[in-house]
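Trainee: Attaching a single structure in structure tokens format; questions to follow.
None of the figures in this text is laboratory data; all of them are computed from the coordinates on show. Predicted, not measured: the structure shown is a model, and the values here were computed from it. Using ideal geometry, Cβ is built from the backbone for each residue, glycine included, and neighbour counts are taken over all protein chains shown.
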Amino acid sequence: MADPTGEFTTVIGPDAKFEGKLSFEKGLRLQGQLNGEISTAGKLQVTKEAQMDANVDASAIIIEGKVKGNLSATDRIELKSSARYEGNLTASKLVVEEGAVFVGQVSVGPDAPKGKPSAGIARPNPAAQPGQGAPRT
Amino acid sequence: MSNLNEAQYRPEDRQTIVCLYCGRAQDVSRRAMTLTCKFCSKSLKLEDITIKNYEARRHIDTCGIVVVEKKGQVNADRILCGGLVARGRIRGTIMSRGPVLVGPEAEVRGDVSAPILAVGAGAVLHGFYRIGVDPDADRAVAPD
């Protein structure tokens, strides 16, 4: 269970379920379930077996499991091949591995986190069709 | 004579393409540039499209790869393609049957639907994305 790199000092284990607001300094590895809100200057890793329904504000987010909610990262968001993500995403950099599935509004670019949406932004409607959200000038 | 015909039709001369509109696969000659889908009778372009400068179009429809070069800029209502490589700027809805590769410093504004997305560092993306989701689940595209 211990993290040999010391990057993820906080671990929510596979048999744990957390609900509410969570903040931490360095890094969190989520292996269980989490519903609520996360605010950190550190890293968040959602492992393959984990499930999360939360609005997250972090420096880097790595997703391997099932995630719903709005994610905002000042540095990067990585969607691994096993990731299933639904929600709005704001980050400087986005890394998507082959096999990752995600549906939602994307705002990526060096300036994207500065104009990040508020935490209470509406969740995307899974029934929404492409072609509805493109800004036109 | 029949032996000669068999030699002429080598399997490597054929390619499998997926219709942009009905999503069904069919075998066609590698040399074909356009064809009519044998299932939905829609006209399909097979050639790759490279955009090197500014282009404003209503639709870009091809089963091939659309490449927007570094100095290229596309303004389109809809890009329906077999794959997309963006090195320049794109504004419009993208529906790709194959991977969408967004190069570093490229800019894509609009909704994107693709099986695979690769994003380079420094790329700018804005829009509603559907990645890795079965395109035929929600795609009912009618050519104009």
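Trainee: Could you tell me the center-to-center distance, by alpha carbons, between the range A:83-115 and the range A:11-65 in angstrom?
Mentor: So the separation of the two Cα centres works out to 17 Å.
Trainee: Quick check on my link table: of A:21/A:43; A:68/A:114; A:17/A:114; A:43/A:80; A:26/A:93, which ones sit more than 24 Å apart, alpha carbon to alpha carbon? Kindly include the intermediate steps, with their values, before the conclusion.
Mentor: Numbers: A:21/A:43 16 Å; A:68/A:114 22 Å; A:17/A:114 32 Å; A:43/A:80 15 Å; A:26/A:93 20 Å.
Check vs 24 Å cut-off fails for A:17/A:114.
Trainee: Sort A:27-35, B:66-74 for me by packing, meaning the mean count of neighbouring Cβ atoms within 10 Å per residue, highest on top. Could the numbers behind the result be given before it?
Mentor: Numbers: A:27-35: 21.1, B:66-74: 19.1.
Ranking the peptides A:27-35, B:66-74 by packing returns A:27-35, B:66-74.
Trainee: Checking the a/c ratio against 1.5 first, then a/b against b/c, what shape does the Cα gyration tensor give for the range A:1-44?
Mentor: It comes out oblate by the Cα gyration axes.
Trainee: Roughly how big is the range B:47-133's charge dipole about its Cα centre, with Cβ charges of +1 (Lys, Arg) and -1 (Asp, Glu), in debye to the nearest 20?
Mentor: On the way: 12 positive and 9 negative charges, 31 e Å.
Value, rounded to 20: 140 debye.
Trainee: If you don't mind, another one. Would the range B:47-133 count as rounded, prolate or oblate if I go by the C-alpha gyration tensor, calling it rounded below 1.5 in a/c and otherwise prolate when a/b exceeds b/c, oblate otherwise? Please list the in-between numbers first.
Mentor: On the way: a/c = 1.35, a/b = 1.06, b/c = 1.27.
Since a/c stays below 1.5, the shape of the range B:47-133 is classed as rounded.
Trainee: A follow-up question, please. Check the cysteines of chain B one by one and keep only those with no other cysteine Cβ under 4.7 Å from their own.
Mentor: Lacking a cysteine Cβ partner under 4.7 Å: B:63, B:81.
Trainee: Now, a different point. How much length would be gained if the chain were fully extended between residue A:10 and residue A:26, taking 0.36 nm per residue of separation minus their Cα-Cα distance, in nm to one decimal? Before the final figure, lay out each step's value.
Mentor: On the way: separation 16, 0.36 × 16 = 5.76 nm, distance 0.79 nm.
Stretched fully, the residue A:10-residue A:26 segment lengthens by 5.0 nm.
Trainee: Per residue of A:63-74, what is the mean number of Cβ atoms on other protein chains within 10 angstrom of that residue's Cβ? List each step's numbers first, then the result.
Mentor: Working: counts 0, 0, 0, 0, 0, 0, 0, 0, 0, 0, 0, 0.
Counting Cβ atoms of other protein chains within 10 Å of each residue's Cβ and averaging gives 0.
Trainee: Plugging the Kirkwood radius over Cα pairs into Stokes-Einstein for the range A:10-115, at a temperature of 10 °C and a viscosity of 1.306 mPa s, what D comes out in µm²/s? Present the calculation step by step, with values, prior to reporting the outcome.
Mentor: Numbers: Rh = 13.2 Å.
Diffusion coefficient, whole number: 120 µm²/s.
Trainee: Given the convex hull over the Cα atoms of the range B:33-86, what projected area results after averaging over all orientations, in nm²?
Mentor: Details: hull surface 14.7 nm².
Average projection, Cα convex hull of the range B:33-86: 3.7 nm².
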